[in-house]
1. With everything on Cα atoms, drop me the angle between helix 41-72 and the longest principal axis of the chain, reported from 0 to 90° to the nearest 10.
2. Set the bar at 26 Å for Cα to Cα. Now go through Lys10/Lys54; Lys14/Lys54; Lys19/Lys60; Lys60/Lys121; Lys2/Lys33 and name every pair that lies beyond it.
3. Is the shape of the chain best called rounded, prolate or oblate, per the rule: a/c under 1.5 gives rounded, else a/b larger than b/c gives prolate, else oblate, with a ≥ b ≥ c the square roots of the Cα gyration tensor eigenvalues?
4. What's the center-to-center distance, using Cα atoms, between the range 1-66 and the range 92-134 in Å?
5. If you fit an axis through the alpha-carbon atoms of helix 95-104 and take the longest principal axis of the Cα set of the chain, what angle between them do you get, 0 to 90°, nearest 10?
6. So what's the back-of-envelope 222 nm ellipticity for the chain, counting only DSSP H runs of four-plus at -39500 (n - 2.57) apiece and dividing by all residues, rounded to 500?
Amino acid sequence: MKVILLVDIKSLGKRGDIKEVADGYARNYLIPKKLAQSADKGNMNIVEHEKILKTRAEEKQLAEAVGFAEKLDNRTITVKAHVGEGGKLFGSITANDISLSLAELGIIIDKRKIEINEPIKSVGSHLVSVKLHPQVQTTVTIEVKPQD
């Protein structure tokens, strides 16, 4: 019997996959537990429509990420911090600090998308990578200045 998986099943496949399984397995386990539905013509059309919608959503996310990358590309962000002797910071500049500085400029980016290779613990310019999408990544210069 052919079924359409409604959830990811480790030993069988991912959500939306169409699989051939034993009749008893489908009727007694998968369908009653709402893990799958029969692969009739109506359900197949629904699955195809969902795949088209998912593809469009992914394309839209990619386009938005490219737009953000153009805004951020080669941009310098100024972050002020408490500085001690010798230009060393008390603590370090975190991804959250950078995210807040970008928010002040009107660019909202989740702190988890900001990748800092090594801790920023001194005054000056530092390069930080921002991963906006699995296919889109850009570099931002962080200028650390002493707080007044």
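1. 10
2. Long pairs (Cα-Cα over 26 Å): Lys19/Lys60; Lys60/Lys121.
3. Judged from the Cα gyration tensor, the chain comes out prolate (a/c at least 1.5, a/b above b/c).
4. Each part reduced to its Cα centre gives a spacing of 38 Å.
5. 80
6. -10000 deg cm²/dmol
We did not get these values from a lab; they are worked out from the coordinates using the rules stated. It should be emphasised that the depicted structure is a prediction, and the values quoted were computed from it without experimental measurement.
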